[in-house]
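S.K.: My structure is below; once you've seen it, I'll send some questions.
The values are calculated or read from the model by the stated rules, or taken from the named source; none is laboratory data. In this text, all values refer to a predicted model and were calculated from it rather than measured experimentally. With ideal geometry, Cβ positions are generated from the backbone for all residues, glycine too; neighbour counts draw on all protein chains shown.
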Amino acid sequence: MTIGSNYKSMEFKGPENIAEQITSHIENKIITLQLKPGQRILESQLAEEMGVSRGPIRDSLKKLERSWLVELFPRRGARVTELNEKHIESVFDVLNELYIMFVRR
């Protein structure tokens with residue numbers, strides 16, 4: 001008998017990234033208005049709801065800040081972004097430039 005003759009190929013499936021799951025969960029709560037524009041986001045409440053520590057919640061909030069869904073305030077926590085005309089114009093300007101670059105290519 002050769003080594004590995006009875007070996008079955010095993011498909012590797014890594015565990016889903018917990019940080020991505022947390023970010024998606026918070027993002028979904030914002031998009032579905034379970035967390036409303038201007039509402040304070042309580043890290044401790046989300047951590048308890050998801051059964052995780054506050055560290056991954058903070059990391060997710062930082063990611064969501066980069067996509068303008070959340071505003072972070074030092075020593076005061078996080079809040080759901082209230083989109084105003086300035087935000088919309090900024091997004092439009094960026095998208096406009098991306099479309100121009102796309103068309104040129």
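S.K.: Under 8 Å between Cβ atoms, which residue pairs at least 6 apart in sequence (or on different chains) link something in the range 65-94 that is over 18 Å from HIS25 (Cα atoms) with a partner that is of a type in the set (Ser, Thr, Tyr) and surrounded by 10 or more Cβ atoms within 10 Å (Cβ to Cβ)?
M.R.: HIS87/THR81
S.K.: Next question. In this structure, is GLU49 closer than 20 Å to ASN28 by Cβ, assigned to a helix (DSSP H, G or I) and without any contact (Cβ under 8 Å) to a residue 24 or more places away in the chain?
M.R.: yes
S.K.: Then there's this: For LYS29, only one of the following conditions fails: (1) out of contact with any helix residue (DSSP H, G or I) (no Cβ under 6 Å at 6 or more places or on another chain); (2) loosely packed, with under 15 Cβ neighbours inside 10 Å; (3) free of Cβ contacts under 8 Å to residues at least 12 places away in the same chain. What is its number?
M.R.: For LYS29, the failing item is (2).
S.K.: Of the conditions (1) at pLDDT below 95; (2) under 30 Å from SER90 (Cβ atoms), ILE18 fails just one. Which one is it?
M.R.: So ILE18 meets the others, but not (2).
S.K.: Mind listing whichever residues of the range 68-105 are at pLDDT 80 or above, exposed (fewer than 12 other Cβ atoms within 10 Å of the Cβ) and assigned to a loop (DSSP other than H, G, I, E, B)? Explain how you work it out, then say what you get.
M.R.: Kept after step one, since they are at pLDDT 80 or above, are these residues of the range 68-105: 68-82, 93-105.
From what is left, the residues that are exposed (fewer than 12 other Cβ atoms within 10 Å of the Cβ) are 73-76, 82, 93-105.
The answer is PRO74, ARG75, ARG76, GLU82, ARG105.
S.K.: Taking ARG40 and the conditions (1) touching a Lys or Arg at 6+ places or on another chain (Cβ under 6 Å); (2) closer than 14 Å to VAL80 by Cβ; (3) modelled with pLDDT under 95, which numbered condition does it fall short on, given that it satisfies the others?
M.R.: For ARG40, the failing item is (3).
S.K.: Can we say THR23 is within 24 Å of VAL94 (Cβ to Cβ), of a type outside the set (Phe, Trp, Tyr), at pLDDT 85 or above and in contact with a Phe, Trp or Tyr (Cβ under 6 Å, 6 or more places away or on another chain)?
M.R.: Judged against the criteria, THR23 is not a match.
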